[in-house]
Amino acid sequence: MYRLTLCLFAISLLWIGTTQAQTTAQVQPATADKILEAIRNSNAAVKVVNIWATWCIPCVEEFPYFVKLAQTLGPDKVAVFFVSADFDDDVASVRAFLAQQGAAFSFLKQGSDDAFVRAFSPQWTGALPATFLYDASGRLRDFWEGKTTYEDLVKRVEALL
């Protein structure tokens with residue numbers, strides 16, 4: 001009986017933790033202009049923008065690298081801005097994914113795809129994942145499309161510190 005009670009208690013704690021994490025993960029619809037304004041307003045030395053989607057396998061695979069980067073370097077050195085390219089009706093999936101990854105927040109892309117892409121970089125084809133690195137003044141310093149490794153991500157960010 002003791003084992004059963006202990007097991008049920010552990011399961012209830014896991015359920016409560018999962019429920020709280022899912023409800024605390026925030027998704028905010030935003031245009032490119034709003035996201036770029038948030039980047040300019042950040043006090044971090046380097047601002048990293050990762051544009052991703054839950055349906056994009058390489059995005060999902062590299063997502064933990066950005067979470068780890070933010071946790072390792074801290075908010076004074078790096079601010080990571082996640083921007084989901086999922087559709088508006090997929091917000092619940094985005095929120096659940098964020099909670100699962102230990103990320104508390106993501107923007108949700110709003111506006112036309114072409115205008116959104118052009119606002120970030122004329123070199124961006126719109127492919128996902130896409131990553132943009134900005135310096136302390138908010139100037140775009142690096143950009144790439146496609147999946148990265150944690151080591152390459154750290155190397156690129158540290159080059160701007």
Handout entry: Selection count where residues are surrounded by 14 or more Cβ atoms within 10 Å (Cβ to Cβ) and either of a type in the set (Ser, Thr, Tyr) or over 13 Å from the mean Cα position of the chain (by Cα) (or both), scope the stretch 72-86
Key = 3
Completion exercise
By my count, helices (runs of 4 or more DSSP H) wholly in the stretch 44-154 with at least 2 residues that are more than 17 Å from residue 32 (Cα to Cα) are 57-73, 91-101
Fill in the blank from the handout: Pairing a residue in the stretch 130-150 that is farther than 24 Å from residue 76 by Cβ with any residue that is part of a strand (DSSP E or B) and of a type in the set (Asp, Glu), where Cβ atoms lie under 6 Å and the two sit 6 or more apart in sequence or on different chains, gives 130/145
Fill in the blank from the handout: Counting only residues in the stretch 29-63 that are touching a residue at least 40 places away in the same chain (Cβ under 8 Å) and among the charged types (D, E, K, R), the one surrounded by the most Cβ atoms within 10 Å (Cβ to Cβ) is identified as 47
Problem - Filter pass, residue 60 being at pLDDT 95 or above and either small (Gly, Ala, Ser) or within 18 Å of residue 150 (Cβ to Cβ) (or both) - result: yes
Problem - Set 117, 157: member being surrounded by 13 or more Cβ atoms within 10 Å (Cβ to Cβ) and within 23 Å of residue 64 (Cα to Cα) - result: 157
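The values are calculated or read from the model by the stated rules, or taken from the named source; none is laboratory data. Just so we're clear, the structure is a prediction, and the values are computed from it rather than from any experiment. Note: ideal-geometry Cβ built from the backbone for every residue, glycine included; neighbour counts use all protein chains shown.
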